[in-house]
1. Is the range 119-127 home to any residue that is surrounded by fewer than 21 Cβ atoms within 10 Å (Cβ to Cβ) and touching a helix residue (DSSP H, G or I) at 6+ places or on another chain (Cβ under 6 Å)?
2. Among 32, 68, which is the only one that is in contact (Cβ under 8 Å) with a residue 60 or more places away in the chain, surrounded by fewer than 21 Cβ atoms within 10 Å (Cβ to Cβ), in contact with a helix residue (DSSP H, G or I) (Cβ under 6 Å, 6 or more places away or on another chain) and not assigned by TED's automatic domain parsing to the domain that holds residue 270?
3. At pLDDT 95 or above, surrounded by fewer than 22 Cβ atoms within 10 Å (Cβ to Cβ) and touching a helix residue (DSSP H, G or I) at 6+ places or on another chain (Cβ under 6 Å) - does that describe any residue in the range 154-169?
4. Report every pair of residues separated by at least 6 positions or lying on different chains whose Cβ atoms are under 7 Å apart, first residue within the range 11-29 and touching a residue at least 12 places away in the same chain (Cβ under 8 Å) and in the same structural domain as residue 176 (by TED's automatic domain parsing), second in a loop (DSSP other than H, G, I, E, B) and surrounded by fewer than 16 Cβ atoms within 10 Å (Cβ to Cβ).
5. I'd like to check something: does the range 18-26 contain any residue that is under 30 Å from residue 172 (Cα atoms) and under 18 Å from the mean Cα position of the chain (by Cα)?
6. Would you kindly identify the strands (runs of 3 or more DSSP E) lying entirely within the range 283-372 that contain at least 2 residues that are within 20 Å of residue 246 (Cα to Cα), more than 29 Å from the chain's Cα centre (by Cα) and touching a residue at least 40 places away in the same chain (Cβ under 8 Å)?
7. Within the group 259, 265, 274, which residue is under 30 Å from the mean Cα position of the chain (by Cα), loosely packed, with under 14 Cβ neighbours inside 10 Å, assigned by TED's automatic domain parsing to the domain that holds residue 321 and in contact (Cβ under 8 Å) with a residue 12 or more places away in the chain?
8. With the condition kept exactly as written, say whether any residue in the range 87-108 is modelled with pLDDT of 90 or more, closer than 27 Å to residue 142 by Cα and loosely packed, with under 14 Cβ neighbours inside 10 Å.
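The values are calculated or read from the model by the stated rules, or taken from the named source; none is laboratory data. A quick note: this is a predicted structure, and the numbers were derived from the prediction, not measured. Reconstructed Cβ throughout: ideal geometry from the backbone, glycine too, with neighbour counts over all protein chains shown.
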């Protein structure tokens, strides 16, 4: 695409956007806080999934100040199930900084926005362009794919020179005013038309408004561009979690939970005591002393596995996990250099604390079992 094409490209894109833009709850609000919340939630999460979470989240935390003043457990509870939980911890930390450093208003300076926890070039540009109409480029999954196809960029789009070229194009193509709407139109086109699989550019002449400017379409390369780094193969892994009660009689007594510390998977969330195991079946857990040692280091307690309850299969980052869930016994305090925070909780408290997704499934099973 030549620079002389930019005005026509912009006009055709915006005409399409006016007709096809979805009525999303964070669009057209003119509130940087709400735009920021939506952009963080939308990272690596579909728009359909985010909508329900967004409405519930902003109802409980309508302002930066309300988010900053809330307990992290309460905030995490509203994020539960959305995944990539570190986003929530950083969101909460950034809210505190905005309240303290910027009097509760999302900063208008790009450098100030970048200085906040969890905010990178894309998020800063998205919030400042959409909320304050600043002429700033954005490059996320949808626009990365769209721009790579428009330019027929064959390099690895997340790396080096290819990534730099796409950022430069994203800046060059912006209009002098109205960058916020224009950026949203680009993202919408990537989401609805220039999709990762089976792009709709050739379904009918009007399906893609910028088809005539797409170098990949001209060369028939839509199916091979963009080029992304190879995905990491998942590794099989076995873990086990224990249901440990403070008093072992008739399924009663408070339940032991552990909160993962900063830097660990699921940091800030609660879980049943859980660790990796070499056991190939639940019956082998009793003789897996390495597993029991890991639990001791995690909790500062000597925990021993008992009766098998159920198993759960799930994936986390690069692992495909088989999780054994068993009853467990507390044999007293253990030596541990830096154990994570633990708490004995009632069944009622178990439903109010933020848990990771598998822990929530296990907690629901505990509730079902004890209700019988």
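1. no
2. One residue alone meets the criteria, 32.
3. yes
4. Note: no pairs meet the criteria.
5. yes
6. Fully inside the range 283-372 and qualifying: 301-316, 319-333.
7. 265
8. For the range 87-108, residues modelled with pLDDT of 90 or more, closer than 27 Å to residue 142 by Cα and loosely packed, with under 14 Cβ neighbours inside 10 Å: absent.
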